[in-house]
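The values are calculated or read from the model by the stated rules, or taken from the named source; none is laboratory data. All of these numbers come straight from a predicted model, not from anything done at the bench. Cβ placement follows ideal geometry from the backbone for every residue including glycine, while neighbour counts extend to all protein chains displayed.
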C-alpha cells in the first residue's frame with residue numbers, strides 16, 4: 001500500500017512539474033508568436049484656441065497598429081502602454097484599456113493610438129513639420145498585457161515608421 005501511495009505521489013509530482021514547465025514554455029511561446037506592426041500613421045494639423053484665446057497649431061497623430069497572433073491559443077489584449085517618439089524625441093505617453101480579441105493561428109486585430117501635440121511640445125522638441133513633406137521618423141515603444149487560458153503575459157514591442165534605409 002505504501003509503495004502504491006508513494007508511486008502516486010511521484011506521478012502527481014511529475015505531472016505538476018511538467019505542467020509548470022509547460023506553462024513557462026507557453027508564456028515564452030506567446031511572446032515570440034504575438035507581434036505588432038504599424039499599419040498606418042495619419043497626421044492632421046489644425047488650429048486650436050489656447051487658454052489666452054489665441055489660435056495655435058496642433059498636430060493630431062493617429063497610429064493604427066495590427067496585433068498578429070501566430071500562436072495556437074486565442075488571446076485577449078487587455079491593455080497597451082506606449083510611448084511615441086518623433087525624431088528620437090519623446091513626444092507623448094499613453095495607455096489603451098480597450099479589450100481586443102485576437103484569434104489563434106494567424107488571427108489579427110487593429111487598435112489605434114491617438115495623440116495630440118500642441119505648439120509647446122512641437123517647439124520644445126525641435127521637430128519640424130513642413131507642408132508637403134512627410135512625417136519625421138516615428139518610433140512607438142510599449143507593452144501589451146495579454147490574457148490567455150494559461151494566464152497573463154506581458155509582450156513588449158518597438159515599432160518604427162518612416163525611418164530611412166541608411167540606418168538599417
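Cβ-Cβ under 8 Å, sequence separation 6+ or interchain: first residue in the range 40-60 and outside any strand (DSSP E or B), partner surrounded by 12 or more Cβ atoms within 10 Å (Cβ to Cβ). Which pairs?
Listed by first residue and then by second, the contacts come to 50/56; 50/119.
Give me the residue from the range 104-122 that is modelled with pLDDT of 90 or more and in a strand (DSSP E or B) and, out of that set, nearest to residue 70 (Cα to Cα). Please lay out each step first, then the result.
Initially, the range 104-122 is screened for residues modelled with pLDDT of 90 or more, giving 104-112.
If we keep only those that are in a strand (DSSP E or B) as well, we get 107-112.
Working: 107: 7, 108: 9, 109: 12, 110: 15, 111: 17, 112: 21 Å.
Step by step, filter the range 104-122, then rank; the result is 107.
Any residue that is within 19 Å of residue 141 (Cβ to Cβ), at pLDDT 85 or above and in contact with a strand residue (DSSP E or B) (Cβ under 8 Å, 6 or more places away or on another chain) - is there at least one of those in the range 9-32?
Taking every residue of the range 9-32 in turn, none turns out to be within 19 Å of residue 141 (Cβ to Cβ), at pLDDT 85 or above and in contact with a strand residue (DSSP E or B) (Cβ under 8 Å, 6 or more places away or on another chain).
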